[in-house]
Amino acid sequence: MFEIMIMNVTERDAVFYHERLSGFLPNRIIDMHAHVCLKAHRRSKGGERGTVSWTDRVASENPIEDLLDSYRLLLPGKQVLPLIFGMTLAPGDDLDAGNDYVRRCAAEHGLPALIFAVPGWGAAEFEERVTAGGFLGAKVYLTWAPPEIATDAIEIFDFLPRHQLAVMNRHGWIAMLHVPRAGRLRDPSNLEQILEIERAFPNVRLIIAHVGRAYCPEDVGNAFEVLAETRRACFDISANTNDEVFEQLIRAVGAKRVLFGSDLPILRMRMRRICDHGTYVNLVPPGLYGDISGDEHMREVAAGEADELTFFLYEEIDALRRAAARAGLTRTETDCIFFGNARRILSGLGVNNPFTV
Ligand SMILES: [Zn+2]
């Protein structure tokens with residue numbers, strides 16, 4: 001699958017990159033949302049507790065070599081530093097092996113990294129694991145919320161518990177949060193708990209992944225009015241291609257709190273995303289991702305249209321480009337989204353010259 005998705009950079013992809021993206025992007029980029037993982041550490045099937053499973057059709061693993069090759073092939077001419085973390089999706093996966101792999105990749109390649117943390121770790125254990133691995137904070141995921149909580153009732157604090165936030169607050173660590181719940185960003189419990197994290201744990205460097213999973217305008221509700229009150233929380237644009245949502249985000253919190261993140265390896269996908277009655281749908285070439293007939297988030301285009309599809313990564317960056325133009329961002333501000341804002345976060349954690357570590 002890697003060969004199919006990556007080696008096949010078409011003439012059309014190259015034109016898209018050089019005409020729309022290359023000049024827009026700064027030469028140095030920090031990707032604040034990149035997964036590395038090996039299939040050998042994976043046991044779960046995918047799709048647990050309401051999470052999507054189409055992502056597995058794109059990549060079931062992402063060794064560090066593939067991640068670094070992805071940047072070379074997809075963003076030629078750019079120097080990219082990723083913040084890496086695992087893709088340990090659900091109980092049953094080998095969490096310790098996954099974290100150890102990330103730790104080794106980070107040490108060997110001089111990359112910043114987050115531990116994949118689960119809520120069952122007490123404060124002391126959590127602190128010890130992050131410190132011992134040289135991690136800069138934690139990535140958390142809703143599938144690890146206590147099993148007795150119904151999927152649609154999972155709240156942020158069920159898998160990002162206050163006792164771990166207190167430890168992160170003391171150290172100023174990064175918390176990478178994929179928000180739960182069908183309401184996504186607009187969900188009142190999500191918004192309330194994001195505000196509580198800001199108030200109660202002001203030193204946590206909270207990053208809300210995928211702009212809070214607001215992939216369609218219907219996912220926003222009054223979220224940006226509420227979030228305009230925040231002062232610190234950052235938002236990564238990973239795996240999101242919605243320029244309307246990006247524009248609203250920029251207008252609500254300003255360019256300084258928007259971070260580029262890819263969500264590789266799935267961003268190698270060939271696709272274009274649309275919203276259909278408030279639900280996102282990935283339009284993909286026929287046959288490329290197997291039998292997708294049962295997946296409401298996947299739809300095949302006709303063979304002729306498939307040639308017009310490019311990489312998910314390019315669609316994301318191009319959507320940010322359009323949003324930035326409409327919001328009137330300067331070159332300096334867009335450079336901050338792809339580099340400066342992340343550098344500020346990393347240097348606050350002692351990673352001072354990320355391109356020479
Ligand atoms: Zn991710």
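Enter the mean projected area of the convex hull around the alpha-carbon atoms of segment 147-263, in nm², rounded to one decimal.
Value for segment 147-263: 7.0 nm².
Run the lone-cysteine check on the chain: no other Cys C-beta under 4.7 Å from the residue's C-beta.
Cys37, Cys105, Cys234, Cys336
What number, in percent, do you get for the relative contact order of the chain if the mean sequence gap of Cα pairs under 8 Å and at least 6 apart is divided by its residue count?
It comes to 18 percent, rounded to a whole number.
Around Ala214, which amide H atoms from residues at least 5 apart in sequence, or from another chain, sit under 5 Å from its own amide H, with H modelled in the peptide plane?
Those lying under 5 Å, H to H, from Ala214 are Leu185.
What is the magnitude of the charge dipole of segment 67-143 about its Cα centre, with +1 placed on the Cβ of each Lys and Arg, -1 on the Cβ of each Asp and Glu, and no other charges, expressed in debye to the nearest 20?
Working: 6 positive and 9 negative charges, 83 e Å.
Value, rounded to 20: 400 debye.
Expressed in nm to one decimal, what extension gain is obtained for the pair Arg231 and Ala166 from 0.36 nm per residue of sequence separation less their Cα-Cα distance?
Here the segment from Arg231 to Ala166 would lengthen by 21.5 nm.
Helix-only mean residue ellipticity at 222 nm, the chain, DSSP H runs n ≥ 4 weighted -39,500 (n - 2.57), per residue, nearest 500. What is it?
-10000 deg cm²/dmol
State, as an integer percentage, the relative contact order of segment 261-329 based on alpha-carbon contacts under 8 Å between residues 6 or more apart.
33 percent
Check which residues have an amide H placed less than 5 Å from Lys139's amide H, if you skip close sequence neighbours.
So Lys139 has HN proximity to Ile115, Phe116, Ala117, Met176.
If I take every Cα pair under 8 Å that is 6 or more residues apart in segment 7-95, average their sequence separation and divide by the length, what percent do I get for the relative contact order? Please report the intermediate quantities before stating the final value.
Details: 91 pairs, mean separation 41.9, N = 89.
After rounding, I find 47 percent.
Under a plain spin-label model, where a point goes 7 Å from the Cα along Cα-to-Cβ, how far apart in nm are Asp96 and Ser53?
Label at Asp96, label at Ser53, 2.9 nm between them.
Just subtract the alpha-carbon distance of Arg104 and Asn353 from 0.36 nm times their residue separation and send over the number in nm, one decimal.
So the extension gain works out to 87.6 nm.
Which of rounded, prolate or oblate describes segment 215-357 when judged by the alpha-carbon gyration tensor and an a/c cut-off of 1.5?
Here segment 215-357 falls in the prolate category.
Assuming a ≥ b ≥ c are the square roots of the Cα gyration tensor eigenvalues, decide whether segment 110-191 counts as rounded (a/c under 1.5), prolate (otherwise, with a/b larger than b/c) or oblate. Before the final figure, lay out each step's value.
Numbers: a/c = 2.16, a/b = 1.75, b/c = 1.24.
Cα axes put segment 110-191 in the prolate bin.
Can you find, among Ala175, Ser238, Leu74, the residue farthest towards the positive end of the dipole of the chain? Put +1 on the C-beta of Lys and Arg, -1 on that of Asp and Glu.
Result: Ala175, furthest along the dipole toward the positive end.
List the residues, sorted by chain then number, that are 5 or more residues from Asp93 or on another chain and whose placed amide H is less than 5 Å from its amide H.
The list, which skips near neighbours in sequence, is Arg43, Ser44.
Can you classify segment 42-191 as rounded, prolate or oblate using the Cα gyration tensor, where a ≥ b ≥ c are the square roots of its eigenvalues, rounded means a/c under 1.5, and otherwise it's prolate if a/b beats b/c and oblate if not?
Taking the square roots of the gyration eigenvalues as a ≥ b ≥ c, segment 42-191 is oblate.
For Lys256, go through the aspartates and glutamates and keep the ones whose alpha-carbon is under 14 Å away, minus same-chain ones fewer than eight residues off.
Asp236, Glu247, Glu333, Asp335
Pick out which of Thr151, Thr330, Thr230 has the largest mean-square fluctuation in a Gaussian network model of the chain, springs linking Cα atoms closer than 10 Å.
It is Thr330.
Could you give the C-alpha radius of gyration of segment 1-122 expressed as a fraction of 2.2 N^0.38 Å, taking N as the number of residues it contains? Provide the component values of the computation, followed by the final result.
Numbers: Rg = 16.0 Å, N = 122, 2.2 N^0.38 = 13.7 Å.
After normalising by residue count via 2.2 N^0.38 Å, the value is 1.17.
Want the number for Glu148 to His297: 0.36 nm per residue separation, take away the alpha-carbon distance, what's left?
Computed gain between Glu148 and His297 is 50.9 nm.
Just the number, please: Stokes-Einstein D of the chain in µm²/s, Kirkwood Rh from C-alpha pairs, 20 °C, 1.002 mPa s.
The Stokes-Einstein estimate is 105 µm²/s.
Computed from the coordinates by the stated procedures, all read-outs in this text should not be read as laboratory data. Quick caveat: nothing in here was measured; it's all calculated off a predicted structure. Note that each Cβ is placed from the backbone with ideal geometry, even for glycine, and that neighbours are counted across all protein chains shown.
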